[in-house]
1. With respect to residue 389, determine if the residue is in contact with a helix residue (DSSP H, G or I) (Cβ under 8 Å, 6 or more places away or on another chain) and under 18 Å from residue 71 (Cα atoms).
2. Quick one: which residue in 285, 313, 281, 294 is buried (at least 19 other Cβ atoms within 10 Å of the Cβ), assigned by TED's automatic domain parsing to the domain that holds residue 132 and in contact with a helix residue (DSSP H, G or I) (Cβ under 8 Å, 6 or more places away or on another chain)?
3. For residue 66, are the conditions met, namely being at pLDDT below 95, within 19 Å of residue 331 (Cβ to Cβ) and surrounded by 22 or more Cβ atoms within 10 Å (Cβ to Cβ)?
4. With respect to residue 321, is the statement that it is modelled with pLDDT under 95 and within 23 Å of residue 137 (Cα to Cα) true?
5. Can you say whether residue 425 is touching a helix residue (DSSP H, G or I) at 6+ places or on another chain (Cβ under 6 Å), surrounded by 15 or more Cβ atoms within 10 Å (Cβ to Cβ) and touching a residue at least 40 places away in the same chain (Cβ under 8 Å), as far as the supplied structure shows?
6. Quick one: which of 453, 414, 365 is surrounded by 21 or more Cβ atoms within 10 Å (Cβ to Cβ) and either modelled with pLDDT of 90 or more or touching a strand residue (DSSP E or B) at 6+ places or on another chain (Cβ under 7 Å) (or both)?
7. Quick one: is residue 376 in contact (Cβ under 8 Å) with a residue 12 or more places away in the chain, assigned to a strand (DSSP E or B) and crowded, with 18+ Cβ neighbours inside 10 Å?
8. When you go through (1) outside the structural domain of residue 454 (by TED's automatic domain parsing); (2) in contact with a helix residue (DSSP H, G or I) (Cβ under 6 Å, 6 or more places away or on another chain); (3) touching a residue at least 60 places away in the same chain (Cβ under 8 Å) one by one for residue 30, which number turns out not to apply?
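The values are calculated or read from the model by the stated rules, or taken from the named source; none is laboratory data. In this text, all values refer to a predicted model and were calculated from it rather than measured experimentally. Glycine also receives a Cβ, built like all others from the backbone with ideal geometry; neighbour counts cover every protein chain displayed.
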């Protein structure tokens, strides 16, 4: 008997339990994302009008990625309902590009994963988040065809015209440091942004104008004297380089300053892809007075990053974005981490800083592996004083009760129903498999992913045990128990690190 034949009999259009990853799960994205919630949803979601930080620890398959996608969907709905107080959402879940760029700047033994992650600091996390945010924002200002999917942001073109010159300068400086788009050349994209912001830079060419004017004046004087036969009045040859140096001096000084400024930015902003000379040419577009005192990521400290974050928030405020949410997930997936709890700790711990987690107008939603809780339990007083986890809406264990898992399975069955049908999960089983027995069994499976694997295996095993000519439309209690035993054995192997789960 075919699996779909069994499902069709019960009015189910497709297998509700075929997918195990929320990112590629159409049943979750199309139906359950709007109706199925974990009991801690309210604590994690909070009040979007006042962005806040939440920290969730959960084992693999518990639904952390599903929670991130759910948060993003509900924040999008919130933005639709509150056009004057929208939230700017950043998905900080793909760490490989930033870690690869960071590692490329290291040499020798420092390129080993444990040393790379030991050198990673809080300002590197802030640079990575600013890179995602600024790249996504610039994409939308320029109205590119395929804007960055790491950012959720919406505003009208008229909002951009509300930016004053100082805010336009701030956005251009942020783009110079943090715009990581490869869809266009760095300078070409920056100049497109400058024109869109109507930010004139002609005054920044005064040193260049002095240099060319001095060169033209010297040539003109020489030609006039030469044409009138006054060669004897011309000064010695070595005078001309001195005069040219005086004329070009201001421009040369500015090039030198901006070269070292660009070099300093690229040395300290260790997750970027820019090169020194293009960045120096962009910095030349600003008047010295406009750059003087402005924060730039050219120091090994968080102070300038906080100021840059405030500048980004100021720009977003004018664009109708009242707050910023950063969704952190998939911490165990970077190839340098490779699932190691010790390496995850080294990578994450710099971010657990109360000043950052409680930054005004910023809310971080951290979906973290359960393995990290044992490190937190071993920490000393200094860590707790710095992280202040008691203020971060922490969920120490993203757990599911048997009843909650039963509700999840029931919701998925309903979501996959043929129009006009109302199948129930209990319809798939013989009367001996009661709802109470299912709830007890689901409780032992602990997380949705293992539940889906169990039910998928159970349906497949039942279908394989019967022919098309002699089908059976209900799963027996004996098959339920034997398949559950196999699933629990696999689960135990996974917990011991010797199985796929």
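1. No; evaluated as a whole, the condition is false for this residue.
2. Going through 285, 313, 281, 294 in turn, the sole match is 285.
3. So residue 66 fits the description; yes.
4. Details: modelled with pLDDT under 95: yes; within 23 Å of residue 137 (Cα to Cα): yes.
Criteria met by residue 321.
5. Working: touching a helix residue (DSSP H, G or I) at 6+ places or on another chain (Cβ under 6 Å): yes; surrounded by 15 or more Cβ atoms within 10 Å (Cβ to Cβ): yes; touching a residue at least 40 places away in the same chain (Cβ under 8 Å): no.
Criteria not met by residue 425.
6. Values: 453 fails: surrounded by 21 or more Cβ atoms within 10 Å (Cβ to Cβ); 414 fails: surrounded by 21 or more Cβ atoms within 10 Å (Cβ to Cβ).
Going through 453, 414, 365 in turn, the sole match is 365.
7. Numbers: in contact (Cβ under 8 Å) with a residue 12 or more places away in the chain: yes; assigned to a strand (DSSP E or B): no; crowded, with 18+ Cβ neighbours inside 10 Å: yes.
So residue 376 does not fit the description; no.
8. (2)
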